[in-house]
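Participant: One structure, pasted below without further comment.
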């Protein structure tokens, strides 16, 4: 029995392969920066299918955020190993997972646009070049967190049209003071900021909202794609809910920059399974 796991900052998708059958389940995101081993174990146990024995799992392939160094990978491995006691646990970055899902064993520039954002040049096996992802405070351009951050800044400073400001307040029922408190004192502020992205999607036809989204994705392209050598010749593909739901705008910006963006996936896990030779 083999398990494939694809984690983001907000949630983790799991597929269990048992002979010719498969089962899916979801848990919260698993990030070594915020990891609580006991919480991870309890979350997996509460969602793991009751009809499957965990001690029958022989291998777990986990792809997750911030798993870009051996030290961070070991943190995640140490959290998963007690849950799957008879399994070999392989941990790699979500960017490697995205690249393998998007390109299989061919090369290209892989991008993630979800709660956070990232990109890397892939050689058909591994990421060989990566522009540093600086997180939601310093960067994460094009991500849900970045979109949300730019939106709430304008809301707090009354830089939105009155009707949009009123619509935002009605949609979320949050004051400027409550937003500031959640960002600076609440848990997982990146997730909190990202949850404003649906409002942007629904109001994309409004000039001020369109400007926020356009500049966020343009910044991602300029900072995280164009610096790669031959970026205008390399195939480019993306994964993540933000990339998927804003794909029309992303394709528009890519065309302006003479970039070849092909596949955009909401969830990469099925394609990841294909990379590992598992048939769905």
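Participant: Taking residue 92 as the residue in question, decide whether it is surrounded by fewer than 20 Cβ atoms within 10 Å (Cβ to Cβ), closer than 21 Å to residue 267 by Cβ and under 18 Å from the mean Cα position of the chain (by Cα).
Facilitator: Values: surrounded by fewer than 20 Cβ atoms within 10 Å (Cβ to Cβ): yes; closer than 21 Å to residue 267 by Cβ: yes; under 18 Å from the mean Cα position of the chain (by Cα): yes.
Yes.
Participant: Can you tell me how many residues in the range 179-206 are over 28 Å from residue 65 (Cα atoms) and free of Cβ contacts under 8 Å to residues at least 24 places away in the same chain? Working first, answer last.
Facilitator: The first filter runs over the range 179-206 and keeps only residues over 28 Å from residue 65 (Cα atoms), leaving 203-206.
Okay, now just the ones that are also free of Cβ contacts under 8 Å to residues at least 24 places away in the same chain, so 205.
Total meeting the criteria: 1.
Participant: So, in the range 22-42, of the ones that are touching a strand residue (DSSP E or B) at 6+ places or on another chain (Cβ under 7 Å) and within 14 Å of residue 76 (Cα to Cα), which residue ends up surrounded by the most Cβ atoms within 10 Å (Cβ to Cβ)? Step through it out loud before you land on a result.
Facilitator: To start, the set of residues in the range 22-42 that are touching a strand residue (DSSP E or B) at 6+ places or on another chain (Cβ under 7 Å) comprises 22-31.
From what is left, the residues that are within 14 Å of residue 76 (Cα to Cα) are 28-31.
Values: 28: 19, 29: 21, 30: 28, 31: 23.
Filtering the range 22-42 for residues that are touching a strand residue (DSSP E or B) at 6+ places or on another chain (Cβ under 7 Å) and within 14 Å of residue 76 (Cα to Cα), the one surrounded by the most Cβ atoms within 10 Å (Cβ to Cβ) comes out as 30.
Participant: Hey, can you tell me all the residues within the range 75-91 that are under 13 Å from residue 30 (Cβ atoms) and in contact with a helix residue (DSSP H, G or I) (Cβ under 8 Å, 6 or more places away or on another chain)?
Facilitator: 78, 79, 80, 83, 89, 91
Participant: Does the range 241-260 include one or more residues that are within 20 Å of residue 126 (Cα to Cα), in contact (Cβ under 8 Å) with a residue 12 or more places away in the chain and crowded, with 17+ Cβ neighbours inside 10 Å?
Facilitator: No: the range 241-260 contains no residue that is within 20 Å of residue 126 (Cα to Cα), in contact (Cβ under 8 Å) with a residue 12 or more places away in the chain and crowded, with 17+ Cβ neighbours inside 10 Å.
Participant: For the range 103-155, name all the residues that are in a loop (DSSP other than H, G, I, E, B) and either crowded, with 21+ Cβ neighbours inside 10 Å or on the phi > 0 side of the Ramachandran plot (or both). Write out each step before concluding.
Facilitator: First, the residues of the range 103-155 that are in a loop (DSSP other than H, G, I, E, B): 104-107, 114-116, 123-126, 131-134, 139-143.
Scanning the range 103-155 gives 104, 114, 115, 116, 124, 133, 139, 140, 141, 142, 143.
Participant: Of everything in the range 222-236, what is without any contact (Cβ under 8 Å) to a residue 40 or more places away in the chain and surrounded by 22 or more Cβ atoms within 10 Å (Cβ to Cβ)? Give them in sequence order.
Facilitator: Passing the criteria: none in range.
Participant: Further, regarding this structure: Which count do you get for residues in the range 59-98 that are assigned to a strand (DSSP E or B) and within 17 Å of residue 9 (Cα to Cα)? Walk me through how you get there before you give the answer.
Facilitator: Looking only at the range 59-98, we keep the residues that are assigned to a strand (DSSP E or B), and these are 59-64, 88-93.
This time we only want the ones that are within 17 Å of residue 9 (Cα to Cα), so: 62-64, 91-93.
Summing the residues that are assigned to a strand (DSSP E or B) and within 17 Å of residue 9 (Cα to Cα) in the range 59-98 gives 6.
Participant: How about the range 267-280: which of its residues are assigned to a loop (DSSP other than H, G, I, E, B), surrounded by 14 or more Cβ atoms within 10 Å (Cβ to Cβ) and touching a helix residue (DSSP H, G or I) at 6+ places or on another chain (Cβ under 7 Å)?
Facilitator: Once the filter is applied, which keeps residues that are assigned to a loop (DSSP other than H, G, I, E, B), surrounded by 14 or more Cβ atoms within 10 Å (Cβ to Cβ) and touching a helix residue (DSSP H, G or I) at 6+ places or on another chain (Cβ under 7 Å), the range 267-280 yields only 268.
Participant: Now for a separate question. If I filter the range 130-141 for residues that are at pLDDT below 95, more than 20 Å from residue 188 (Cβ to Cβ) and touching a strand residue (DSSP E or B) at 6+ places or on another chain (Cβ under 7 Å), do I get at least one hit?
Facilitator: Going through the range 130-141, the residues at pLDDT below 95 turn out to be 130-141.
Narrowing further to those that are more than 20 Å from residue 188 (Cβ to Cβ): 130-132.
If we keep only those that are touching a strand residue (DSSP E or B) at 6+ places or on another chain (Cβ under 7 Å) as well, we get 130-131.
Yes, there is a match, as at least one residue in the range 130-141 is at pLDDT below 95, more than 20 Å from residue 188 (Cβ to Cβ) and touching a strand residue (DSSP E or B) at 6+ places or on another chain (Cβ under 7 Å).
Participant: Then there's this: Hey, can you tell me all the residues within the range 59-82 that are crowded, with 20+ Cβ neighbours inside 10 Å and free of Cβ contacts under 8 Å to residues at least 12 places away in the same chain?
Facilitator: If the condition is that a residue be crowded, with 20+ Cβ neighbours inside 10 Å and free of Cβ contacts under 8 Å to residues at least 12 places away in the same chain, then no residue fits.
Participant: Same structure, new question: Of the residues in the range 156-175, how many are without any contact (Cβ under 8 Å) to a residue 24 or more places away in the chain and surrounded by 12 or more Cβ atoms within 10 Å (Cβ to Cβ)?
Facilitator: Selection size over the range 156-175: 4.
Participant: Within the range 218-254, which residues are under 16 Å from residue 109 (Cα atoms) and in a helix (DSSP H, G or I)? Explain how you work it out, then say what you get.
Facilitator: Within the range 218-254, the first condition is being under 16 Å from residue 109 (Cα atoms), and the residues that meet it are 220-240, 243, 250-251, 254.
If the condition is that a residue be under 16 Å from residue 109 (Cα atoms) and in a helix (DSSP H, G or I), then 220, 221, 222, 223, 224, 243, 250, 251, 254 are the ones that fit.
The values are calculated or read from the model by the stated rules, or taken from the named source; none is laboratory data. The structure presented is a predicted model; accordingly, all values stated were derived computationally and were not measured. Quick reminder, even Gly has a Cβ in these numbers, built from the backbone with ideal geometry, and neighbours come from all protein chains shown.
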